[in-house]
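J.: Please find one structure pasted underneath; my questions will follow.
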2 protein chains.
Amino acid sequence: MILRMSTLFVRTLRDDPADAEVPSHKLLVRAGYIRRSAPGIYTWLPLGLRVLRKVEQIIRDEMDAIGAQELLFPALLPRAPYDASGRWTEYGDGIFRLKDRKGDDYLLGPTHEEMFTLVVKDLYSSYKDLPLSIYQIQTKYRDEARPRAGVLRGREFVMKDSYSFDVDDAGLQASYEKHRDAYIRIFDKLGFEYVIVKAQAGAMGGSKSEEFLARLAVGEDTYVRCSRCDYAANVEAVDTPAPAPASYDGLPAAHAEQTPDTPTIDTLVAHLDEAYPRSDGRAWTAADTLKNVVFSVRHPDGRTEAVAVGLPGDREVDTKRLEAELGEGVVFEPLTEAEFAARPTLTKGYIGPGALGEDKPAGVRYLLDPRVVEGTRWVTGADVHGSHVLDLVAGRDFTGDGTIDVGEVRDGDPCPVCGASDGGVLESARGIEMGHIFQLGRKFADALDLKVLDENGKLVTVTMGSYGIGPSRAVAAIAEGTLDEQGLCWPRHVAPADVHLVATGKDEAVFAAAERIATELHAQGVEVLYDDRPKVSPGVKFKDAEIIGVPTIVVVGRNLAEGTVEVRDRRTGEREEVAAEHVVDHVVRVVRA
Amino acid sequence: MILRMSTLFVRTLRDDPADAEVPSHKLLVRAGYIRRSAPGIYTWLPLGLRVLRKVEQIIRDEMDAIGAQELLFPALLPRAPYDASGRWTEYGDGIFRLKDRKGDDYLLGPTHEEMFTLVVKDLYSSYKDLPLSIYQIQTKYRDEARPRAGVLRGREFVMKDSYSFDVDDAGLQASYEKHRDAYIRIFDKLGFEYVIVKAQAGAMGGSKSEEFLARLAVGEDTYVRCSRCDYAANVEAVDTPAPAPASYDGLPAAHAEQTPDTPTIDTLVAHLDEAYPRSDGRAWTAADTLKNVVFSVRHPDGRTEAVAVGLPGDREVDTKRLEAELGEGVVFEPLTEAEFAARPTLTKGYIGPGALGEDKPAGVRYLLDPRVVEGTRWVTGADVHGSHVLDLVAGRDFTGDGTIDVGEVRDGDPCPVCGASDGGVLESARGIEMGHIFQLGRKFADALDLKVLDENGKLVTVTMGSYGIGPSRAVAAIAEGTLDEQGLCWPRHVAPADVHLVATGKDEAVFAAAERIATELHAQGVEVLYDDRPKVSPGVKFKDAEIIGVPTIVVVGRNLAEGTVEVRDRRTGEREEVAAEHVVDHVVRVVRA
């Protein structure tokens, strides 16, 4: 089918939509690919749908190639399986819930681990049935607090989610590697820059997890990579290397000192330098102090608690890392004045380990940064207004209730892999999560009792992997990663057409020649978007071709009299005059290159 | 890709699912095409998804062929457009409603007239932009009171809905005819018996409307067709022909008579024959009496009223026809005792026109059957216990507040088209609505203010058509219309594969030959489902092939030693021994026939 601009359901717009900040969002709307129906909810116009379907097909082909089988679950899901897994509650406000006419609870599926687990339980019963990988390309829903950037972060979106089922860990590892390889082929074919990073498993549970991030400045995810080795990780997933525990033999005893008016780390460090200069002459730094930040935490089941994070004073708590550590659906905020008042043993600005811990009167769970290992020496609050303790030694003078790794990650921090050996340091960049692969393990199989008989006739719990790519988000990310000053600029494999053919002027011979070229290209399997509008100026047609962003533009115009047409490369802007009688062959070669 | 039974995610079941009554539902579950996720909500397993996708593609091809353009709307829709059209309320309990985290109202789209109207309003502004036909193939939701028969009547289902936009009625008529022709090609290709019937437009508003019904005994829709002409209509849409009004000159005056203990039509007729024999000797019949049935009616906006239907005593009110006449979302029930008590002028069992009408003390709206035309003479209630009026003449002695055509339609009723001229009579049959085409007219364009400039620069309201087919329902209907004693039995164009290849026995040469045949068929573009399971008995394999229902079955087994394989036709059961070296060519011919 030749797409014709004269009838195509598209209008290019001169002005940016009012709610758009991100360039790809502006251009996808202005070029007539998508329209907003509600916040975070979009309609795909014909051009947009063509790109979306191509992305989906690239994904589908690679899934089929690794033997994954496609099926299709509903989006409207019953509550019970999500109760069994705990996610009905864990998702908090993040999912859409509703009741049917009988009053039964349903949700709009945010992801389908539970349902896939159940269908395998329903059909399979033996190790002989495994391994199995099944997937769907389907519409999903999340009630995002801040839907953003058009289809980049929507509330209704398309997702390819696949799941692997294996009888043992080695099987899971193999299924995971197969998917990982398929994802690499998919992302290579989609045609934009990406990076694979270690990720936090979050609410999914499970152990190993990696993300495929599009490297984009507009991205919401910060990741870091090592300056030396190939380590890369989502900031939420960076494991801070813990120093080796040291002996505290011979260290001086802890001593409380007057530190009036030092409620902040800066004021404290200045005061220490003045009042308690170190014997070796080194200046005090924020990194010598131990900061204790107390949060009020509400769990999805309604349970609340106070949690203190103890970390070096030169670091802030990274709330995204804290969110990831606490798990999905957990809400937290700094302890309020009222909550402080209810815990008189906590002295605001001077809180120290002496008042923290589950066994202390304030009942605050006390979690320590990985850097706070046995033998490290700290200046920290003395739990008395205007007073700090010096030479407080971890392991000797205090211990926490556990460890938590939620301090901010900074450029220059040592690489967790090669920092100690080779001195590699981390550097940060921004990206957008495009794909996510997980080794779920047995979390869902346990919750929903998915067992098979093993070789010895014994029931064993199945181990699972989960693998997602968002095709609708991919469309936005590809657009964002490839656009230029003139407009969208699609990579070949996902473009809405292969060629944008423009007939200019009013000469009937031009339109006749263009029509013939369109027909011949179409006959050769080339997808043609033909601007056949009789009364539109060349300038408008060229502007439309540029903003729409089909990779090859063919212009049939006044040069036809000399027997040539122009072939333009949308990305490079290169133009070439090609003999009209050879243009079809020429374009076929360009398209298939 | 060759589908292999050894790895295909499918299990055939021996037992019918507990909740299944309809044969296609049982078989689609037993043969591993679908699984229930919740009432009326199904998962498509790989075989089922293949059939669904083929049905969708047949529809898509024909839509594209008439120049309709595909786009994709969200399923999660904002309330406002549905408020503007009135359907937020009209749908009553029939749609799923929900709130997002901000408390804003959303619905899961049952059909998308409003959204399509808005997107056209958004992009187009001139008569030059029209005609336009746009469509989507998309997941829809209705909270059916009685989800039924698997995917035949589900609560989440796939629908192709298209909409035409024209500047005038002639344009709408042309767009409607184009869609009608496309639908005929689609239904012919899907390969099952159907009939096109005149339909009631219902909540859609608008004028002309036809349904494509699958002719199936399990159908929920009753339709009638004429014994002589090509008239066919959904029972809800049958227009009862009204007799010509007659003069009432010379008819006797109405007279009330004692009719003790005659609260029913039967007792009344018996009493009339005994007490008031007619002068011409004809016996009284129920058709001589006028029955008045009073309903309590609640409208979607909460307004309630009492409505009486006056119709010949030999007919019942058809509640489905009444429902269709009153419109979607209107709820009604026979007047309760309490409501009777509140209206003392109504005498139960003896209600007559004297007490009915909006202007009477009881305030009951009185609607008359089309047969009750001016000059017709009736026996009806005298509004006094134990008394009826005879010779009550319509137009002379009483009139209604309007007409309503909700009497039951019976086999043998005169055809509305040729009954009077040629004596054609109606006969009824059962079917399932598979497609529905509507001339919506300007209902939605008016509600949402969709106007374009006409040739004279004047704003005119656009006129619309709406055209739906349910691919998921079609899968069930095709299954239902084609299955046999052995199992499913798919028409060629929608079957999950072209050939079901079975290797039997344990001979390695057999499996090697079958593998070769599978590979060669696949290379020729034939879709092969290959039963390569090494340890499964031929009997089980044959049973699986029969229940799965691929149209051509090829058996490679012991006859291979003599150089032949068997080719079976699943429908007819015909078997043919074909030389092994020619079987690929033979099958290709069969598949492409």
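J.: Averaged over its residues, how many other protein chain Cβ atoms are within 10 Å of peptide A:530-542's Cβ atoms?
T.: Counting Cβ atoms of other protein chains within 10 Å of each residue's Cβ and averaging gives 0.
J.: Every other copy gets compared here: list the nm distances from the A:Arg14 label point (7 Å along Cα to Cβ) to its counterparts, shortest first, one decimal.
T.: 7.5
J.: Using the Cα centre of chain A as origin and beta-carbon charges of +1 (Lys, Arg) and -1 (Asp, Glu), tell me which of A:Thr7, A:Gly441, A:Ala170 is placed farthest towards the positive end of the dipole.
T.: It is A:Thr7.
J.: Counting only other chains, what is the mean number of Cβ atoms within 10 angstrom of the Cβ of each residue in peptide B:487-499?
T.: 0
J.: For the protein assembly as shown, take every pair of Cα atoms, bin their distances at 10 Å starting from 0, and report each bin as a whole percent.
T.: 2, 8, 14, 17, 17, 15, 11, 8, 5, 2, 1, 0, 0, 0
J.: If I compute solvent accessible area with a 1.4 Å probe over the protein chains, what percent of it on region B:347-439 is carbon and sulfur?
T.: 45
J.: Taking the rotation that carries A onto B, look along its axis and tell me which residue of A has the beta carbon nearest to it, distance in whole angstrom.
T.: A:Leu98, 2
J.: Right, next: Please grab the % of Cα pairs in region B:480-523 that end up more than 13 Å from each other.
T.: 65
J.: Taking 8 Å as the Cα distance limit and 6 or more residues as the minimum spacing, I'd like the relative contact order of region A:497-592 as a percentage.
T.: Dividing the mean separation by the residue count of region A:497-592 yields 31 percent.
J.: Would you mind listing the distances between the B:Ala244 label point and the same position in each other copy? Use 7 Å along Cα-to-C-beta, nm, one decimal, shortest first.
T.: Counterpart label points of B:Ala244 in the remaining copies fall at 11.5 nm.
J.: Another question, then. Would you please classify the overall shape of chain A from the alpha carbon gyration tensor, given that a ≥ b ≥ c denote the square roots of the eigenvalues, rounded means a/c under 1.5, and beyond that prolate means a/b larger than b/c while oblate covers the rest?
T.: The shape class here is prolate.
J.: Just the number, please: buried accessible area between A and B, total of both chains, 1.4 angstrom probe, nearest 100 square angstrom.
T.: 4700
J.: Further question on the same structure: Please give the average number of partner chain Cβ atoms lying within 10 Å of the Cβ of each residue in B:132-139, rounded to a whole number.
T.: 2
J.: Take the alpha carbon atoms of region B:369-411, find their radius of gyration, then divide it by 2.2 N^0.38 Å using N residues; give the quotient.
T.: Relative to the 2.2 N^0.38 Å estimate, region B:369-411 comes out at 1.31.
J.: Measuring label to label, 7 Å along Cα→Cβ, what does A:Ala286 give against each other copy in nm, shortest first?
T.: Taking the point 7 Å beyond Cα along Cα→Cβ, the inter-copy spacings are 9.2 nm.
J.: Turning to a different aspect of this structure: How high is the relative contact order of chain B? Use alpha-carbon pairs under 8 Å, at least six apart in sequence, and give a whole percent.
T.: That works out to 18 percent.
J.: If you scale each eigenvalue of the Cα gyration tensor by 5 and take the root, what three semi-axes come out for region B:228-342, rounded to whole angstrom and sorted largest first?
T.: 31, 23, 14
J.: Please express the shape of region A:1-78 as an equivalent ellipsoid: the semi-axes are the square roots of 5 times the eigenvalues of the C-alpha gyration tensor, given largest first in whole angstrom.
T.: Calculated on Cα positions only, the semi-axes equal 29, 18, 12 Å.
J.: Taking Cα atoms of region A:255-403, Rg/Rh with Kirkwood Rh, to two decimals?
T.: Answer for region A:255-403: 0.97.
J.: Name the cysteines of the protein assembly as shown that stand alone by the Cβ rule: no other cysteine Cβ under 4.7 angstrom.
T.: Singleton cysteines: A:Cys489, B:Cys489.
J.: Ranked from highest to lowest mean number of other Cβ atoms within 10 Å per residue, what is the order of the peptides A:526-535, A:31-40, B:530-539?
T.: A:31-40, A:526-535, B:530-539
J.: Work from the charge dipole of region B:445-593 (Cβ charges, +1 for Lys and Arg, -1 for Asp and Glu, about the Cα centre) and give the residue of B:His500, B:Tyr467, B:His522 farthest towards its positive end.
T.: Of the listed residues, the answer is B:Tyr467.
J.: As a test of the definition: which semi-axes, in Å, follow for region A:332-375 when you take the square root of five times each eigenvalue of its alpha carbon gyration tensor? Largest first, please.
T.: Those come to 21, 12, 10 Å.
J.: Considering only protein heavy atoms, what per residue accessible area in square angstrom results for the protein assembly as shown with a 1.4 angstrom probe?
T.: I get 41 Å² per residue for this part.
J.: Could you tell me which of B:Phe542, B:Leu118, B:Phe398 has its Cα farthest along the dipole of chain B towards the positive end, charges placed at Cβ (Lys, Arg +1; Asp, Glu -1), taken about the Cα centre?
T.: B:Phe542
J.: As a check on your grasp of the helix formula, calculate [θ] at 222 nm for chain A: sum -39500 (n - 2.57) over DSSP H runs of n ≥ 4, divide by the residue count, round to the nearest 500.
T.: The helix contribution divided over chain A gives -7500 deg cm²/dmol.
J.: For region B:18-143, count the residues as N, evaluate 2.2 N^0.38 Å, and divide the Cα radius of gyration by that value, please.
T.: Relative to the 2.2 N^0.38 Å estimate, region B:18-143 comes out at 1.31.
J.: Beyond 15 Å, what share of the Cα-Cα pairs of region B:260-315 is found? Please give it as a whole percent.
T.: Cα-Cα pairs in region B:260-315 separated by more than 15 Å: 59 percent.
J.: In addition: Across all directions of projection, what mean area in square nanometres is found for the Cα convex hull of region A:135-215?
T.: Projected over every direction and averaged, the Cα hull of region A:135-215 covers 6.5 nm².
J.: With a ≥ b ≥ c the root eigenvalues of the C-alpha gyration tensor of region B:497-592, is it rounded (a/c under 1.5), prolate (a/b larger than b/c) or oblate?
T.: Taking the square roots of the gyration eigenvalues as a ≥ b ≥ c, region B:497-592 is rounded.
J.: For the peptides A:470-477, B:489-496, A:266-273, A:430-437, what is the packing order when you average, over each peptide's residues, the other Cβ atoms within 10 Å and list the highest mean first?
T.: A:470-477, A:430-437, B:489-496, A:266-273
The values are calculated or read from the model by the stated rules, or taken from the named source; none is laboratory data. From a predicted model like this one, the values you see are computed outputs, not experimental measurements. Please note: Cβ atoms are built from the backbone with ideal geometry, for glycine as well, and neighbour counts cover all protein chains shown. Just the protein is used for accessible areas: all its heavy atoms, side chains included, with ligands, DNA and RNA removed. Shrake-Rupley method; radii C 1.70, N 1.55, O 1.52, S 1.80 Å.
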